[in-house]
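One structure is given below, encoded as structure tokens.
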Amino acid sequence: QVNLVESGGGLVQAGGSLRLSCAASGIFVHINSLGWYRQTPGKQLELVANLLNGGRTEYADSVKGRSTISGDHHKNTVYLPMNSLKREEPDRYYCSAVVDRLKYWGQGTQVTVSS
């Protein structure tokens, strides 16, 4: 079993920043990917940013240039600074991981952007 512990959500003013973190714990051999998704108003999950095996990264077009995902291999943790946040962006974020080729999800964290 793999647990994903999310932190860093909260309230921020439009144009502001915060940093999301996600730590994977449990008994496993290999983390294939670790990253963040968010839930759209239509309830779909869209990729925000992903850190893949070997250091490769994936980003949604909407966050390219204002967020850079990074990882701490020893802590099995990824960090995602979210900069220049906009009110119209989705507010529910989920950590997601592929560990030993199985997909896992965190409980979710709220990011509320105020005017």
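Please enumerate the residues belonging to the range 19-44 that are of a type outside the set (D, E, K, R), under 17 Å from Ala60 (Cβ atoms) and surrounded by 15 or more Cβ atoms within 10 Å (Cβ to Cβ).
Pass one, the range 19-44, residues of a type outside the set (D, E, K, R): 20-37, 39-42, 44.
Next, from what is left, pick out any that are under 17 Å from Ala60 (Cβ atoms): 20, 22, 33-37, 39-42, 44.
Scanning the range 19-44 gives Leu20, Cys22, Ser33, Leu34, Gly35, Trp36, Tyr37, Gln39.
Show the residue pairs meeting these rules: Cβ distance below 8 Å; 6+ apart or different chains; first residue within the range 17-36 and modelled with pLDDT of 95 or more; second residue acidic (Asp, Glu).
Leu20/Glu6; Ser21/Glu6; Cys22/Glu6; Asn32/Asp100; Gly35/Glu58
Report yes if Ser62 is part of a loop (DSSP other than H, G, I, E, B), surrounded by 12 or more Cβ atoms within 10 Å (Cβ to Cβ) and in contact with a Lys or Arg (Cβ under 8 Å, 6 or more places away or on another chain), otherwise no. Write out each step before concluding.
Details: part of a loop (DSSP other than H, G, I, E, B): yes; surrounded by 12 or more Cβ atoms within 10 Å (Cβ to Cβ): yes; in contact with a Lys or Arg (Cβ under 8 Å, 6 or more places away or on another chain): no.
So Ser62 does not fit the description; no.
Restricting attention to strands (runs of 3 or more DSSP E) lying wholly within the range 69-115, give those where 2 or more residues are buried (at least 17 other Cβ atoms within 10 Å of the Cβ). Break it down into steps so the answer makes sense when it comes.
Numbers: elements: 70-72, 77-82, 92-99, 102-105, 109-114.
Fully inside the range 69-115 and qualifying: 77-82, 92-99, 109-114.
The values are calculated or read from the model by the stated rules, or taken from the named source; none is laboratory data. Just so it is clear, the structure is predicted and the values come from calculations on it, not from any experiment. Using ideal geometry, Cβ is built from the backbone for each residue, glycine included, and neighbour counts are taken over all protein chains shown.
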